[in-house]
Each structure stands twice: as structure tokens, then as C-alpha cells.
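*Asks:* Dumping the structure here so I can ask a few things about it.
Bear in mind these aren't lab numbers, they're just calculated from the coordinates by the rules spelled out. Remember, predicted model here, so these are calculated numbers, not experimental data. Virtual Cβ from ideal backbone geometry, glycine too; neighbours counted across all protein chains shown.
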Amino acid sequence: MSSAPKVAVILINRNGYSLTEACVRSLAATRYPNLLTVIVDNGSKQEELEQLVELARREPTVLVHPLGYNAGFTKANNVGAELALREHQADYLWILNNDTEVRADAIELHVRAFAEHRLDPKNTIVSSIITYFENDNIWCNGLRDMAWFNFPRGVDKNLPAAQVARPGLVLKSAPYCVGCSMFFAREYVTEHGLMDEAFFIYYDDLDFSLGRNNVHIQQPLVRHKVSATSGNKGSARFTPFQSFLYAKNGIHFYFRKKKIPLLEKIIYVLFTNWVFVLLYVRDWATLKAHCRGLWEGLTKPDKKFVPQ
């Protein structure tokens, strides 16, 4: 048994086998000596399940856990995390989008960041520079809110990674980590628990990292095929599904979790909320879904989201 800490990577698959397989291949190429990859399947077709089982047969570090239905991003990650912690005694968890590929030294550098910077395992999430898959420009280097408007923006977005990256293990803090890549110790879960399943997907990452020590390795360790699993493939266009949950969860996070002041709530409802519409809504069905999400966020915070 390797003396290296055990790292469990949590991937969620829903009818995206080709993305998941590519991500698994990149993880296997790290040759990290104590790796477990937990693929939680969110109700894929039978053909995909069979492909995942075959992938696990070929890759001994892969474990497939079918849920049989679409449980959402938060619950699926929680199921994978609990499995890794309780049954496989993982020391670290890495919540990672299945539409990513990682650099060969990515796992090693995340683990070393905790040791070499003496990061508090109870209160720290580590990420890195995340680039677009198609080029070397930065997709995200942490998240922050625009003052007064509470509009989450990626730090250093669209800058060339070479302009920002630093050799070695240089860390940069940010108010939030993005759910595409969040690496944390088992002690973090003991201290704070797992993800809030009320979000289903979207804003769950802001909630999970709110008020924590969120640090980002200043090297491009993850490449992201942006929104490949959500249906818009990186274009400035939301589906009704996305628009509904962005509207509802935005209210839930800023009003009930971050608890922004009254003036900022007014600005959010009357201005910020509609910026999303101007940027991403392109048809009536999506606009109606957005308005329904806004209304439910304001009036029915406890109503559970059930996907169609």
C-alpha cells in the first residue's frame, strides 16, 4: 500500500460517457499511486452504464456507482463523497467535472499544497487555474462577487494562462471556489458537512466555499470543456432548465445563505437578476422558466426541484 494520501476523485456522469472516459484517462495518466475515481451515474441510459462498467474493468482505480435517476449535482457528489470516505477511507476528495481533463501533475500538486503551505484541512478548499479546453485562456481562477450587484465573476477570466501562471506552488486566494474543481480534506467534511442538496445544481459551489479559505494553485492544471454537460456548449445561451435554476438558486444563495443587506437585495431583484436575462436568455420558453425560478426563489424557498 502506498504511503501517499488516498485521493478520491468524484465524477458525475449523465449520458456523457465520452467526456467521462476522457477525464478518467487524464486522471490515470497522473500515475498518482493512491487514487480512487468514483463515477456516480445520474440515471444514464443502459448502454452508458454498460460502457462505464467496462471502463471500470479496464481501469482498476475506477468505481462506478449508479443512482438510477437524476439526483442533481449536489446529491450525486454527496453520495460519491460518502462512499469514498466511509467505505474507502479517502484522505482527500476532489470534486471534478466530468467535462474536464487534468495535467499529469495535478493531483500531486494539490496534495503538496496542503503540506507545503500548512493549510488548515478543516477550512481549506484548493483549486487551480482552469482554462478553456480549446485554448490556453483562463476560464476561472476563483470566483468573486461584483460589489453591490452580487454577480459572480471568474477571476482573471479570458486572460492568457501564461500571463498569470507562476512556477512552483504559488497560491492565490479568492472569495469562492468553482464546483468544476474543488479539492479538500476529509476533515473539511467533518467540520462543515457535505453540499446543500437544496441547490440541485448551480450556486452550490458558492455556498460550499462561502467564508472558507479558498486558494488556487497558480498553474493551469485543469482544462474545461465549458458547459458540455449542460446543453449550451459554452455559448451565451441558457436552456430553460439552466435559467430556472440560476434564477431560483441565486435568490436562495444571496438572500438566505450569504444574507446580503436589504439594499443589495433590491438591486439584485431589480437589476442583477435581469443582467442574466440580457446575457443568456434567447427565447420565450427560457424567459418564462427564468421568471418562474425567480418567483419560486422569492416565495417557495423550500419547494424541492424535480427534473422533468
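*Asks:* Could you tell me the distance between the Cα centroids of segment 19-41 and segment 169-222, to the nearest Å?
*Replies:* Between the Cα centres of segment 19-41 and segment 169-222 lies a distance of 20 Å.
*Asks:* Going by average Cβ neighbours within 10 Å, how do the peptides 120-131, 19-30 rank, with the highest at the top?
*Replies:* Details: 120-131: 22.1, 19-30: 19.7.
For the peptides 120-131, 19-30, the packing ranking is 120-131, 19-30.
*Asks:* A follow-up question, please. Give me the log10 of I(q) over I(0) for segment 240-299 at q = 0.14 Å⁻¹, as the Debye formula computes it from C-alpha points; what are the numbers?
*Replies:* Relative scattering, expressed as log10 I(q)/I(0), comes to -0.34.
*Asks:* Also: What is the set of long-range amide H partners of Leu36 at a cut-off below 5 Å, with H atoms built 1.01 Å from backbone N?
*Replies:* Excluding prolines and chain starts, which carry no amide H, the hits are Val7, Ala8, Val9.
*Asks:* By per-residue mean of other Cβ atoms within 10 Å, what is the highest-first order of 290-298, 75-83? Intermediate results must be reported in sequence, preceding the final value.
*Replies:* Numbers: 290-298: 19.4, 75-83: 21.6.
Final packing ranking: 75-83, 290-298.
*Asks:* Using the Cα centre as the reference, give the magnitude of the dipole from point charges on the C-beta atoms of the chain (Lys, Arg: +1; Asp, Glu: -1; all else neutral), rounded to the nearest 20 debye. Kindly include the intermediate steps, with their values, before the conclusion.
*Replies:* Numbers: 36 positive and 31 negative charges, 162 e Å.
Approximately 780 debye in magnitude.
*Asks:* Just flag the trypsin sites (Lys or Arg not before Pro) in segment 139-190 sitting in loop per DSSP whose Cβ has no more than 15 other Cβ atoms within 10 Å.
*Replies:* On the way: sites: Arg144, Arg153, Lys157, Lys172, Arg186; in loops: Lys157.
For trypsin sites (Lys or Arg not before Pro) across segment 139-190 that sit outside H, G, I, E and B with at most 15 neighbouring Cβ atoms in 10 Å, the list reads Lys157.
*Asks:* Now for a different question. Decide, for segment 7-224, between rounded, prolate and oblate: order the square roots of the alpha carbon gyration tensor eigenvalues as a ≥ b ≥ c, take rounded if a/c falls under 1.5, and otherwise choose prolate if a/b is larger than b/c, else oblate. Present the calculation step by step, with values, prior to reporting the outcome.
*Replies:* On the way: a/c = 1.43, a/b = 1.35, b/c = 1.06.
Verdict is rounded for segment 7-224.
*Asks:* Ignoring everything except DSSP H segments at least 4 long, calculate the 222 nm mean residue ellipticity for the chain; use -39,500 (n - 2.57) per segment, divide by total residues, nearest 500.
*Replies:* Working: 11 runs with 110 residues, N = 308.
Result for the chain: -10500 deg cm²/dmol, rounded to the nearest 500.
*Asks:* Checking the table Lys225/Lys303; Lys157/Lys225; Lys75/Lys259; Lys265/Lys300; Lys75/Lys157; Lys257/Lys288 against a 20 Å threshold on Cα-Cα, which pairs fail? Present the calculation step by step, with values, prior to reporting the outcome.
*Replies:* On the way: Lys225/Lys303 32 Å; Lys157/Lys225 15 Å; Lys75/Lys259 24 Å; Lys265/Lys300 17 Å; Lys75/Lys157 29 Å; Lys257/Lys288 25 Å.
Over 20 Å Cα-Cα: Lys225/Lys303; Lys75/Lys259; Lys75/Lys157; Lys257/Lys288.
*Asks:* Which percent, to the nearest 5, of DSSP beta bridges fully inside the chain are antiparallel? All intermediate terms of the calculation are to be shown ahead of the outcome.
*Replies:* Numbers: 20 of 45 bridges.
Approximately 45 percent, going by the DSSP bridge assignments.
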